[in-house]
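The structure appears right after this line, and notes come after that.
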Amino acid sequence: MKIVIINYGAGNIQSIKFAIQRLGYEAVLSHDVAEIQSADKIIFPGVGEASSAMAKLRASGLDKLIPDLKQPVLGICLGMQLMCHSSEEGNTKGLGIFDVDVVKFSNAVKVPQIGWNQIANVKSGLFKDIEEKEHIYLVHSFYAPLCDETIAESEYGIKYSAALAKDNFYGTQFHPEKSSSVGEKILKNFICGM
Amino acid sequence: MLAKRIIPCLDIKDGRTVKGVNFVDLRDAGDPVELAEIYSREGADELVFLDISATEQKRKTLAELVYHVAEKVNIPFTVGGGISSVEDVDILLQNGADKVSINSSAVKNPQLINDLVAKFGSQCIVVAIDAKQIDGEWIVHLVGGKVPTERKLFEWAKEVEERGAGEILFTSMDHDGTKDGFANEALSKLSTELNIPIIASGGAGNMQHFTDTFVEGKADAALAASVFHFKEIGIRDLKEELKEHGIPVRL
């Protein structure tokens, strides 16, 4: 099993590498096209600001590569948001994999949302053996509204997508690598079940 | 529903936990990684490591500690203590810290908040504020509450938010160590006037104090050290109690 974490200079990727290690697998950090293409599973992380992260992807050509991948790809946090059609953060176009526009939380709630929220209406094998209302860890100011590709929802002022899926592409707004044993199960489902 | 967070705080000196900890099941009472794993298993929502060492190797030792914690622990953690530059933060985040907290360096150079937010994003920048009341006015203090500044708590907190910090960790020096409860009036004012999460710190003595700081203090998270380290309060028991009071928690 070859797992590659796409390394494009956006975010805390060490934690994802360690989380995969705790599951008994090794992950390679890489921005090399051939290395990414040869992986069985690909993780697309990201924290920080959307438009500058997109600029980094464009500069390295990864914006063309990622939507063409045929293996299972899991975007995490900003990674998931960048897989969407666009983001209000820095008004940037995204990779256009998920047909939804990422927008900012209203001031009716504290922004960013930081902490443990619950997931509901989970579908897809990504959530195999995961109960409704389990807590997952999130840190974000922008969100993907509910859409046809939503496979888990959460609520913070309004209901939004906690996870998305389309074909071989998956995305979680939450951090499975920081979501305790629930997150570990979800990561394992992605690595072993997809 | 977003849960209220319970955060044990570990003081670190030269890579080791300081202050006695009373864990019978701990092989090495000074090993922060082992303690972090125990807290994580008991249901802590997050951990804070506060580095109080003042040696030249401080940076390297702290970075190594962060690396080992990230390797073992599957919940988020924040690192603070003497962080004063973009470079410091970069090293800690690269080694696996989820958030960093800055305190004195932000007061001395508020632009640092903007610089960190621009480079790393709001989500990982926590500003810690220590304050105590002088003639009825909350005044920001440095060096663990020893040195008063010109800054007033609520004005400084507002500025911290405007400069982009993702979260505020407010410690009342009047309450810290008293075990008499958190500074709920000031916390409630912060939580109402600001639109970023507020972590309450200083004064935890019993379980009721946590309920009070979430209800009266409107805090988003509560941090404590000794009540957890000396097992006066078990994290799971605390969360059960909070749940009985209708406070959303992760169990």
Query - DSSP-loop chymotrypsin sites (Phe, Trp or Tyr not before Pro) across the range B:150-251, with at most 16 other Cβ within 10 angstrom - result: B:Phe230
Report task. State the answer as a single residue: which of B:Asn206, A:Ile13, B:Leu2 lies farthest towards the positive end of the charge dipole of the protein assembly as shown, with beta carbon charges of +1 for Lys and Arg and -1 for Asp and Glu, about the Cα centre. Result -> A:Ile13
Query - Backbone HN-Hα couplings from phi across the range B:155-161 [Karplus 6.51/-1.76/1.60, Hz, Gly and Pro as x] - result: 5, 5, 4, 4, 5, 4, 5
Query - DSSP bridge orientation in the protein assembly as shown - percent antiparallel, rounded to nearest 5 - result: 40
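Using DSSP to call loops (not H, G, I, E or B), can you name the trypsin sites (Lys or Arg not before Pro) in the range B:208-239 whose Cβ has at most 16 other Cβ atoms within 10 angstrom?
Values: sites: B:Lys218, B:Lys231, B:Arg236, B:Lys239; in loops: B:Lys218, B:Lys231.
Loop-located and lightly packed - B:Lys218, B:Lys231.
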Query raised in the report: How large are Rg and Dmax for the range B:48-118 when only the alpha carbon atoms are used, in Å?
Result: 11.8, 35
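Roughly how many debye, to the nearest 20, is the charge dipole of the protein assembly as shown about its Cα centre, given +1 on each Lys and Arg Cβ, -1 on each Asp and Glu Cβ, and no other charges?
Charge dipole of the protein assembly as shown: 600 debye, to the nearest 20.
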Query raised in the report: Taking the Cα centre of each part, how many Å lie between the range B:186-251 and the range A:127-150?
Result: 25
Report task. Report the accessible surface area buried between chains A and B, summing both sides, using a 1.4 Å probe on protein heavy atoms only, in Å² rounded to the nearest 100. Result -> 2500
Requested in this report: Report, ordered by chain and residue number, the lysines lying within cross-link reach of A:Lys110, taken as a straight Cα distance under 20 Å and ignoring same-chain residues fewer than 8 apart.
Outcome: A:Lys159, B:Lys4, B:Lys99, B:Lys158, B:Lys189, B:Lys218
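Let me have the relative contact order for chain B, percent, based on Cα pairs under 8 Å that are six or more residues apart.
Details: 516 pairs, mean separation 46.3, N = 251.
Over chain B, the number comes to 18 percent.
How about the range A:16-74: which trypsin sites (Lys or Arg not before Pro) there are in a DSSP loop, with at most 11 other Cβ atoms within 10 Å of their Cβ? Let's see the in-between values first.
On the way: sites: A:Lys17, A:Arg22, A:Lys41, A:Lys56, A:Arg58, A:Lys64, A:Lys70; in loops: A:Lys70.
Passing sites in the range A:16-74 are A:Lys70.
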Requested in this report: State the Cα centre-to-centre distance between the range A:33-48 and the range B:122-159 in whole Å.
Outcome: 43
Query raised in the report: What is the dipole size for chain A, taken about its Cα centre, with +1 at each Lys and Arg Cβ and -1 at each Asp and Glu Cβ, in debye to the nearest 20?
Result: 280
Requested in this report: Just check the range A:93-149 against the gyration tensor rule for me: Cα atoms, a ≥ b ≥ c as the square roots of the eigenvalues, rounded for a/c under 1.5, and otherwise prolate or oblate depending on whether a/b exceeds b/c.
Outcome: oblate
Report summary line: So for the range A:60-194, using the alpha carbon gyration tensor with a ≥ b ≥ c as root eigenvalues (a/c under 1.5 gives rounded; past that, a/b versus b/c decides prolate or oblate), I'd call it oblate
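Quick check: from the Cα gyration tensor, does the range B:165-251 come out rounded (a/c under 1.5), prolate or oblate?
Oblate.
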Query raised in the report: Please report, for the Cα atoms of chain B, the Rg to one decimal and the Dmax as a whole number; what are they, in angstrom?
Result: 16.9, 48
Query raised in the report: Taking amide H positions as placed 1.01 Å from N in the peptide plane, with prolines and chain starts having none, which residues 5 or more places from A:His31, or on another chain, fall under 5 Å of its amide H?
Result: A:Asn7
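When ligands, DNA and RNA are left out and all protein chains stay put, how many square angstrom of accessible area per residue does the protein assembly as shown have with a 1.4 Å probe? Walk me through the numbers before you get to the answer.
Details: 17450 Å² over 445 residues.
On a per-residue basis, the protein assembly as shown sits at 39 Å².
The values are calculated or read from the model by the stated rules, or taken from the named source; none is laboratory data. Note that the structure is predicted; figures quoted are calculated from it, not measured. FYI the Cβ positions are ideal-geometry reconstructions off the backbone, even for glycines, and counts take in every protein chain you see. Only protein heavy atoms, including side chains, enter the accessible area calculation; ligands, DNA and RNA are left aside. Shrake-Rupley method; radii C 1.70, N 1.55, O 1.52, S 1.80 Å.
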